[in-house]
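Below: one structure, written as structure tokens.
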Amino acid sequence: MAYRAVFFDLFDTLVRFERDRLPEITIKGKTVRSTAGHLHGVLARHAPQVTLEQCYEALLVSWKEAERLRAIDHREVSARERFSYFFPAAGLDAAALPPGLAEALIEAHRHELAKAASVPAHHRPLLERLARRHCLAVVSNFDYSPTALGILETAGVRDLFAAIVVSDEVGWRKPRADIFQEALRRTGAEPHGTLFVGDRIDIDVAGAHGVGMDAAWINPEREALPAGVAPPIYEIRDLAELEAIVARA
């Protein structure tokens, strides 16, 4: 199969997210990595009665609720919706808070997450070479597009992609066909001529197969294929192996 397009997952495929680069805070005598300290700094100007511990717990509650809802049918829960759960969990009435506070909290969260993400040095030249002969796109499950776009912009690779499709725009997450089909629509690519590259066999590979794409599974730890899951066309340990696959396909 000769591929005209190569689509990529974002986190743990193009981008490495290192949780130990998140800020440290102390909760109940225990050091944890979280953006909650920076969110608390924003929140304290308007709701000084909310403690750092309460802010941390509310952030955790909002994340768990978002994950619960996503697991039902793969509908995306945007950052704005997620923070609608944050305020009551922190004992606050969102209607009584200043306009724009949710956006300020989301931006503080985004800023710290972005600092914990990086594009490995060898990815940019690889993408530059691939972009000369292939249509490239990103298809990412994420609740706030500016975070994804900012990471790619900082790495100097954003302009190499014909489309960057993030689930908070589409409303649906991988493995739903909707988000893959939106990427195909934006790029004009055909499923049978597109290779999808991702690190999740159940989300990236299964979703790509569901719309007729081939898939390459990034599996650096050589995890066993889960029972009942169709194997990918290719299995690689690092994105550097992709160029040889595309060249001979």
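Restricting attention to the stretch 170-213, and to residues there that are under 22 Å from Y144 (Cβ atoms) and acidic (D, E), which single residue is surrounded by the most Cβ atoms within 10 Å (Cβ to Cβ)? Among residues in the stretch 170-213 that are under 22 Å from Y144 (Cβ atoms) and acidic (D, E), the one surrounded by the most Cβ atoms within 10 Å (Cβ to Cβ) is D204.
Apart from one condition, E221 fits all of (1) loosely packed, with under 14 Cβ neighbours inside 10 Å; (2) among the acidic types (D, E); (3) modelled with pLDDT of 95 or more; the exception is (3). With a requirement of 2 or more residues that are closer than 18 Å to R75 by Cα, the strands (runs of 3 or more DSSP E) lying completely within the stretch 138-249 that satisfy it span 163-166. All conditions but one from (1) in contact with a Ser or Thr (Cβ under 9 Å, 6 or more places away or on another chain); (2) over 18 Å from A79 (Cα atoms); (3) aliphatic (A, V, I, L, M) apply to L127; the one that does not is (1).
To keep it simple, each residue is scored yes or no on (1) more than 30 Å from A44 (Cβ to Cβ); (2) at pLDDT below 95; (3) assigned by TED's automatic domain parsing to the domain that holds R237; (4) of a type in the set (S, T, Y).
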{"site": "P99", "(1), (2), (3), (4)": "no, yes, no, no"}
{"site": "I106", "(1), (2), (3), (4)": "no, no, no, no"}
{"site": "H122", "(1), (2), (3), (4)": "yes, no, yes, no"}
{"site": "P125", "(1), (2), (3), (4)": "yes, no, yes, no"}
{"site": "R129", "(1), (2), (3), (4)": "yes, no, yes, no"}
{"site": "A137", "(1), (2), (3), (4)": "yes, no, yes, no"}
{"site": "F142", "(1), (2), (3), (4)": "no, no, yes, no"}
{"site": "S167", "(1), (2), (3), (4)": "yes, no, yes, yes"}
{"site": "V197", "(1), (2), (3), (4)": "yes, no, yes, no"}
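When A36 is tested against (1) out of contact with any strand residue (DSSP E or B) (no Cβ under 9 Å at 6 or more places or on another chain); (2) farther than 30 Å from R176 by Cα, just one condition goes unmet, and that condition is (1).
Among the residues of the stretch 142-187, those that are out of contact with any helix residue (DSSP H, G or I) (no Cβ under 8 Å at 6 or more places or on another chain) and closer than 25 Å to P125 by Cα comprise A148, E153, D159, A183, R186, T187. Screening T154 on (1) at pLDDT below 95; (2) crowded, with 20+ Cβ neighbours inside 10 Å; (3) among the polar types (S, T, N, Q) shows it passes everything except condition (2).
Summed over the stretch 50-88, residues that are within 24 Å of T31 (Cα to Cα), surrounded by fewer than 19 Cβ atoms within 10 Å (Cβ to Cβ) and touching a residue at least 24 places away in the same chain (Cβ under 8 Å) total 6.
State whether the residues of the stretch 97-113 include one that is hydrophobic (A, V, I, L, M, F, W, C), under 30 Å from R222 (Cβ atoms) and in contact with a helix residue (DSSP H, G or I) (Cβ under 7 Å, 6 or more places away or on another chain). Scanning the stretch 97-113, I find at least one residue that is hydrophobic (A, V, I, L, M, F, W, C), under 30 Å from R222 (Cβ atoms) and in contact with a helix residue (DSSP H, G or I) (Cβ under 7 Å, 6 or more places away or on another chain), so the answer is yes. The residues of the stretch 27-49 that are of a type in the set (V, I, T) and surrounded by 12 or more Cβ atoms within 10 Å (Cβ to Cβ), listed by number, are I27, V32, T35, V42.
The values are calculated or read from the model by the stated rules, or taken from the named source; none is laboratory data. Quick caveat: nothing in here was measured; it's all calculated off a predicted structure. Don't worry about glycine lacking a Cβ; one is built from the backbone with ideal geometry, like all the others, and counts go over all protein chains shown.
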